[in-house]
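Visitor: Quick one: the structure is below, and I'll ask about it shortly.
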Amino acid sequence: MLRKAIYPKIEALLNSAAKFLNEKGVTPNQLTLAGLVLNFLAGWIYANGWVFFGGLMLLAAGLGDLLDGPVARVGGKSTPFGAFLDSTLDRYSDFFIFGGLALFYAKSAQSGYFLITMGIILGAYITSYSKARAENLMKHCNVGIFERAERLIVLAFGSIIWPTLPFILWILLIGTHATAIHRILYTRKILLKGNEAE
């Protein structure tokens, strides 16, 4: 949802950057892998309690997510495997980021926030899985507010303005599971309509 709102406003800038990277021989998969490495570093930074710098690294890693698609389109390198790799590595990135935060809270003996962060990981995975599974049964399941871009931008905001982070984690916990439940109910509704039409 957030990507749809913001992307058209920065599309020209992203396409210019994509053309430059394509001319330099940078491939979409290289950007995807670079984003994974930066997200791992963000998780390591979070695990050490450097929340502000973790937020900055998270924003840097987000550039890979924004640019791999335009580079693929500009260079005519869009492939089904590239899309699959991007989605798969996003799950690793989610674990690195929130796992790093969970480790920080575990080391700090803050069991409540450790459990909240683990709950966010669960919600993020269910949100992703419910969409993937639903789209095996119907055309689209893009409903819900807290997709990956929203989660990471909200987390980056809470990290940079770090006193707000505990409140932000509660928002992420509720938001991810609300999105997952929304997708489950939406899928049920669409599939029931399909069965009634038969």
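Visitor: Net charge near A34: determine it from the other residues with C-beta under 14 Å of the C-beta of A34, scoring Lys and Arg +1 and Asp and Glu -1.
Guide: Here the count lands on -3.
Visitor: Oh, and also: Between N136 and I161, what FRET efficiency comes out of the Förster formula 1/(1 + (r/R0)^6) with R0 = 41 Å and r the beta carbon distance, rounded to 0.05?
Guide: 0.55
Visitor: Further question on the same structure: At 0.36 nm per residue, and after removing the present C-alpha to C-alpha distance, how many nm does the segment from T88 to A109 gain when stretched out fully?
Guide: Once the chain is fully extended between T88 and A109, it gains 4.4 nm.
Visitor: Do the sum for the chain: with -39,500 (n - 2.57) for every DSSP H run of n ≥ 4, divided by all residues, what is the mean residue ellipticity at 222 nm, to the nearest 500 deg cm²/dmol?
Guide: -29000 deg cm²/dmol
Visitor: As I understand it, the dipole of segment 2-197 uses +1 on the Cβ of Lys and Arg and -1 on the Cβ of Asp and Glu, about the Cα centre. Which of G123, L33, S93 lies farthest toward its positive end?
Guide: Positive-most Cα among the choices belongs to G123.
Visitor: Then there is this: Placing unit charges on C-beta atoms (Lys and Arg positive, Asp and Glu negative, everything else neutral), compute the dipole magnitude of segment 2-197 about its Cα centre in debye, rounded to 20.
Guide: 380 debye
Visitor: Report the full-extension gain for the segment L122 to F20: residue separation times 0.36 nm, less the Cα-Cα distance, to one decimal in nm.
Guide: Stretched fully, the L122-F20 segment lengthens by 32.9 nm.
Each reported figure results from applying straightforward, stated rules to the coordinates on display, with no laboratory input. None of the values given here were measured: they were computed from a predicted structure. Every residue, glycine as well, gets a Cβ built from its backbone with ideal geometry; the counts of neighbours run over all protein chains shown.
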